[in-house]
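Q: If you scroll down you'll find the structure; I have some questions about it.
The values are calculated or read from the model by the stated rules, or taken from the named source; none is laboratory data. It should be emphasised that the depicted structure is a prediction, and the values quoted were computed from it without experimental measurement. Note that each Cβ is placed from the backbone with ideal geometry, even for glycine, and that neighbours are counted across all protein chains shown.
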Amino acid sequence: MAEPVQKIINSEILKDLFKDSQWKGTIPLAFNGIADDSRNVVKGWIFIAINGFRTDGHKFLESAAKAGAALLVVEKSTIEADPEILKPVENIPLLIVENTRLAASILADLFYGHPSRELKIHGVTGTKGKTTTVHLLKDILVSDGRKPAVIGTLGIEFGDEIWKSDLTTPGPIELHKWLRFLADKGATDVCIEVSAHAGALMRTASVIFTSVTYMNLSRDHGDHFSETEYLDAKLQIARDAVKVNPLAIGIGNALDPHTDKFLSPFAPDRQFLFASFENPNDAKKTGADLKAVIFERSPQGFRLVIRTSDWEREIYLPLVGRFNAQNAAAAATIASTIGVLPDVIGDGLNHAHSIPGRLERIDMGQEFLVVVDYAHAPQPASEALACLRDFTSGRLICVMGAGGSRDRGKRPLIGQVLSKGCDIAIITSDNPRNEDPLGIINDILVGITRESSKAEIITEVDRKKAIEIALTNALTGDTVAILGKGHETYQIFKDTTIDFDDREVAREWLEEHMKLDMKE
């Protein structure tokens, strides 16, 4: 990536932008850039001290000053609670704000030249479906002759290029840098997955969204959020979007109980609802603006009818999973509200690309189905297994674990899902991180009882061996579902991170054993 250069900003612009904040010291005439990591500070830059989940940026004020920071942006509540923290930097000018996260977003937008003003930005939030929805929207926009980019779990994508990103929604400085880069590359639209963390941490607070779409809410991120906090993080995304752009379009899932709250900040004539159904009679009972009704499913994809009050189109979506009808409905609604024609929407969905690690089929000519999916929480795992059960004439075999240093409360629930949803459950490691992998497995086993379990339970700490056990056991007509890591190409342990890809492990085993079968 050819990194965009931050603009030089006159201090008078900053003083006007933060006129209600407190300034201290002799303020330089101009600033060359911003950073929220003291290791990235360059002489003449502004350092923004952010109190994060793992560390507080105020602890690095002195490091930033030594690196040449010309202004330190600090949070009022933090320095009032600990005035001593400013002693090592008493000669450096200060900007004291109520919220340094918001300040970082405002400054990032400024120093990268307001890139979201040059693009159509479509944000999608929700526990499930973000990745698929933004990619389906991208396919529709390509059919419309636009040049869309995607920012999300799989990285930053534009044309045939993909750049890695550590976060689903990058931090504010990184996000605006990418938006500037994409605008300069010629992108017309950017489809962004907006995570709960992004809402809570105000990463998108200065982004001018054309549309913001709410998919759903189920248990996730219990390590950082209570249920109330998790919902509020999603609602904050909508509140911020409307503050920046009162004309933003709000789109929500008509079947989710939280949709009304999410859409409430948007103007009444800027609110739109979507929904998907398998029963046509159910579709008649909802007031959704766009409805998708499934009428035929197979292991290769499904047919659905998309209807609005003005038009109707039959679609063949080449994706597995009935829940993808919801994602298609969301993408079609976004496209429709920004003026994409029905035939173009249909064409984009008909030619949709499979999403890496989202019910991704691994086909090496074997006589059983192998699917890899990112589902790493109880509800998505349950939905994935229910979907695969529909196409499985034999047994449903599942490999799954749970991430370490994350929400422990969902582990027994994963156990319940596996014990009821499949015939053979192989419980293994995911990304153990700082925890004992065996301890995580035991937490999952807590949710399994002999009375409730319909599955044969096998435990194997080594994920590679667990996948191989599943494939070894598979017979003609069976389905092997490898859940939890999806597109990930690594596995995180306490002291190391190794290369690991569920898809490659499955392909290698299948390739080897297909050759052996041919020799026999």
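Q: What pairs come up if the first residue lies in region 125-150 and is acidic (D, E), the second is outside any loop (DSSP other than H, G, I, E, B) and surrounded by fewer than 24 Cβ atoms within 10 Å (Cβ to Cβ), and their beta carbons are under 7 Å apart, counting only those six or more places apart or on different chains?
A: D144/V344
Q: Follow-up. Listed residues I173, I121, I92, I151; which is assigned to a strand (DSSP E or B), under 26 Å from W45 (Cβ atoms) and of a type in the set (A, V, I, L, M)?
A: Checking each option against the conditions leaves just I151.
Let's see how each residue does on (1) under 30 Å from E157 (Cβ atoms); (2) of a type in the set (G, A, S); (3) surrounded by 13 or more Cβ atoms within 10 Å (Cβ to Cβ):
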site	(1), (2), (3)
H58	no, no, yes
S63	no, yes, yes
V73	no, no, yes
A108	yes, yes, yes
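Q: So which residues in region 475-502 are touching a strand residue (DSSP E or B) at 6+ places or on another chain (Cβ under 7 Å) and crowded, with 21+ Cβ neighbours inside 10 Å, if there are any at all?
A: Going through region 475-502, the residues touching a strand residue (DSSP E or B) at 6+ places or on another chain (Cβ under 7 Å) turn out to be 478-484, 486, 489-491, 497-500, 502.
Within region 475-502, D478, T479, V480, A481, I482, L483, G484, G486, D502 qualify.
Q: Out of everything in region 307-338 that is in contact with a helix residue (DSSP H, G or I) (Cβ under 6 Å, 6 or more places away or on another chain) and over 25 Å from A375 (Cβ atoms), what residue ends up being surrounded by the fewest Cβ atoms within 10 Å (Cβ to Cβ)?
A: By that ranking, first place goes to W311.
Q: Could I ask something else about it? Collect the residues in region 176-199 that are more than 19 Å from H487 (Cα to Cα) and part of a loop (DSSP other than H, G, I, E, B), keeping them in residue-number order.
A: Residues satisfying the conditions are G186, A187, T188.
Q: Considering (1) part of a loop (DSSP other than H, G, I, E, B); (2) surrounded by fewer than 22 Cβ atoms within 10 Å (Cβ to Cβ), say which one V242 fails and leave the rest.
A: (1)
Q: Considering every residue within region 346-353, establish whether at least one is at pLDDT below 90, crowded, with 19+ Cβ neighbours inside 10 Å and of a type outside the set (A, V, I, L, M, F, W, C).
A: The answer is no; no qualifying residue exists.
Q: Please go through (1) surrounded by fewer than 19 Cβ atoms within 10 Å (Cβ to Cβ); (2) touching a residue at least 24 places away in the same chain (Cβ under 8 Å); (3) over 30 Å from R406 (Cα atoms) for R361 and return the number of the only condition it doesn't satisfy.
A: (3)
Q: Among G404, G394, which is over 23 Å from the mean Cα position of the chain (by Cα), part of a loop (DSSP other than H, G, I, E, B) and either among the aliphatic types (A, V, I, L, M) or not assigned by TED's automatic domain parsing to the domain that holds R322 (or both)?
A: The unique qualifying residue is G394.
Q: Let me ask you something else. Checking R39 against (1) of a type outside the set (V, I, T); (2) closer than 21 Å to I79 by Cβ; (3) surrounded by fewer than 14 Cβ atoms within 10 Å (Cβ to Cβ): exactly one of these is not met. Which one?
A: Single failed check for R39: (2).
Q: Among the residues of region 420-452, which ones are of a type in the set (S, T, Y) and more than 16 Å from A381 (Cα to Cα)?
A: Passing the criteria: T449, S452.
Q: Name every residue in region 402-449 that is acidic (D, E) and within 25 Å of D390 (Cβ to Cβ), in order of residue number.
A: The one that is acidic (D, E) and within 25 Å of D390 (Cβ to Cβ): D423.
Q: Of everything in region 466-508, what is over 12 Å from V370 (Cβ atoms) and touching a Leu at 6+ places or on another chain (Cβ under 7 Å)? Give them in sequence order.
A: H487 - this is the single residue of region 466-508 that is over 12 Å from V370 (Cβ atoms) and touching a Leu at 6+ places or on another chain (Cβ under 7 Å).
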